[in-house]
Amino acid sequence: MEEAREAAANSLEAHLKGNVHVLQIGACDGSSFDPIYPFIQKYGWSGLLVEPLPDLFERLEDTHKVRVTSGIISLANVAVVDEGQECKMLRVPVESIESGDLPDWVIGICESVAPPRLPHTTV
């Protein structure tokens with residue numbers, strides 16, 4: 001899998017000659033378990049990285065501080081939902097990961113729960 005990902009990224013980079021712009025929804029901390037991070041580092045790809053969880057967003061900011069300052073990477077601390085909609089984020093408890101009860105790769109697992117929509121009639 002790793003070789004295929006590397007080959008695809010190399011091909012994309014060769015074809016687009018540095019004009020690769022990524023959009024990553026659920027960027028976590030920007031490096032852990034991230035298939036795009038090595039290519040952002042290697043090729044200097046630009047993009048928008050989105051992470052809704054505040055603690056992971058802080059780590060994302062630390063990971064990409066230089067790239068954000070130089071304008072290569074933009075970050076957004078938002079959840080992607082329908083316009084005007086609010087949601088609640090449910091996540092694996094960090095304490096369960098830190099205590100070793102759960103593996104570290106579950107850190108970014110979360111679910112957005114939208115409030116129920118009221119039945120309505122269009123007139």
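Pairs linking a residue in region 38-61 that is on the phi < 0 side of the Ramachandran plot to a residue that is in a strand (DSSP E or B) and basic (K, R), with Cβ atoms under 9 Å and 6 or more positions apart or on different chains, are L53/R91.
Just give me the residues in region 81-113 being among the aliphatic types (A, V, I, L, M) and surrounded by fewer than 12 Cβ atoms within 10 Å (Cβ to Cβ), in sequence order.
Once the filter is applied, which keeps residues that are among the aliphatic types (A, V, I, L, M) and surrounded by fewer than 12 Cβ atoms within 10 Å (Cβ to Cβ), region 81-113 yields L90, V113.
Criterion first (modelled with pLDDT under 90 and closer than 30 Å to A7 by Cα) does V66 satisfy it? Before the answer, list the steps.
Values: modelled with pLDDT under 90: no; closer than 30 Å to A7 by Cα: yes.
For V66, the condition - modelled with pLDDT under 90 and closer than 30 Å to A7 by Cα - is not met.
For S112, are the conditions met, namely being polar (S, T, N, Q), modelled with pLDDT of 90 or more and over 30 Å from E6 (Cβ atoms)? Walk me through it before giving the result.
Details: polar (S, T, N, Q): yes; modelled with pLDDT of 90 or more: no; over 30 Å from E6 (Cβ atoms): yes.
Against the criterion (polar (S, T, N, Q), modelled with pLDDT of 90 or more and over 30 Å from E6 (Cβ atoms)), S112 does not qualify.
Checking each residue in region 1-21 for being surrounded by 10 or more Cβ atoms within 10 Å (Cβ to Cβ) and of a type in the set (A, V, I, L, M, F, W, C) picks out A7, A8, A9, L12, L16, V20.
Tell me, please, whether a residue that is surrounded by 14 or more Cβ atoms within 10 Å (Cβ to Cβ), polar (S, T, N, Q) and under 27 Å from A8 (Cα atoms) can be found in region 35-42. Write out each step before concluding.
Step one: list which residues in region 35-42 are surrounded by 14 or more Cβ atoms within 10 Å (Cβ to Cβ), which gives 36-40.
Narrowing further to those that are polar (S, T, N, Q): none.
No, every residue in region 35-42 fails to be surrounded by 14 or more Cβ atoms within 10 Å (Cβ to Cβ), polar (S, T, N, Q) and under 27 Å from A8 (Cα atoms).
Here are the criteria: (1) more than 17 Å from G71 (Cα to Cα); (2) at pLDDT below 95. Tell me which single one Q41 does not satisfy. The one condition Q41 does not meet is (1).
Residues that are within 11 Å of the chain's Cα centre (by Cα) number at least 1 in the following helices (runs of 4 or more DSSP H) confined to region 1-87: 37-43, 54-63.
The values are calculated or read from the model by the stated rules, or taken from the named source; none is laboratory data. As the structure is a prediction and not an experimental result, all values here were calculated from the model. Positions of Cβ are generated from backbone atoms using ideal geometry, with glycine treated the same way; all protein chains shown enter the neighbour counts.
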